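Structure record follows, encoded as structure tokens.
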Amino acid sequence: MLDSEYPFYLKDRNYALNGVIDLIYEIDGKLGIIDYKNTRLEAKYKDKFKKQLHLYVLALRDQNHEYEGKEISELKVYTIIITNQTLLLL
């Protein structure tokens with residue numbers, strides 16, 4: 001793990017966005033991003049989650065010199081659901 005709860009801010013002439021990347025990790029010199037959700041992974045959310053992860057890639061490439069030049073090879077969504085006091089990682 002390289003970073004968690006990584007804040008970002010993107011600004012252009014037409015928009016300004018800020019957010020937090022849940023987790024950034026590195027394996028064999030390549031970066032990965034994990035976004036945690038507290039909802040079930042359903043098909044209706046797939047495009048929304050995909051766009052969000054690609055926004056995170058843009059944020060890392062746009063404003064961060066710490067990760068400059070590193071390939072981002074994995075984008076993942078993990079769901080965390082609590083049922084009957086049991087934590088399930090899906």
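Which of the residues that make up the range 7-25 are open to solvent by less than 80 Å² (accessible area, probe 1.4 Å) and either among the small types (Gly, Ala, Ser) or touching a Phe, Trp or Tyr at 6+ places or on another chain (Cβ under 9 Å) (or both)?
PHE8, ALA16, LEU17, GLY19, VAL20, ILE21, ASP22, LEU23, ILE24
Which numbered condition trips up VAL77, out of (1) surrounded by 14 or more Cβ atoms within 10 Å (Cβ to Cβ); (2) farther than 15 Å from MET1 by Cβ; (3) modelled with pLDDT under 85; (4) of a type outside the set (D, E, K, R)?
Answer for VAL77: the failing condition is (3).
Looking at the range 43-73, which of its residues are surrounded by 14 or more Cβ atoms within 10 Å (Cβ to Cβ) and assigned to a strand (DSSP E or B)?
Residue satisfying the conditions is ILE72 alone.
Looking only at the range 26-42, how many residues end up being among the β-branched types (Val, Ile, Thr) and loosely packed, with under 13 Cβ neighbours inside 10 Å?
2
Would you say LYS44 is at pLDDT 85 or above, closer than 23 Å to TYR9 by Cα and among the basic types (Lys, Arg)?
Criteria not met by LYS44.
The values are calculated or read from the model by the stated rules, or taken from the named source; none is laboratory data. Because the structure is a prediction, the values reported are computed rather than measured. Note that we place each Cβ from the backbone using ideal geometry, even for glycine, and neighbour counts take in every protein chain shown. Protein only, heavy atoms only, side chains kept; ligands, DNA and RNA dropped before computing areas. Shrake-Rupley method; radii C 1.70, N 1.55, O 1.52, S 1.80 Å.
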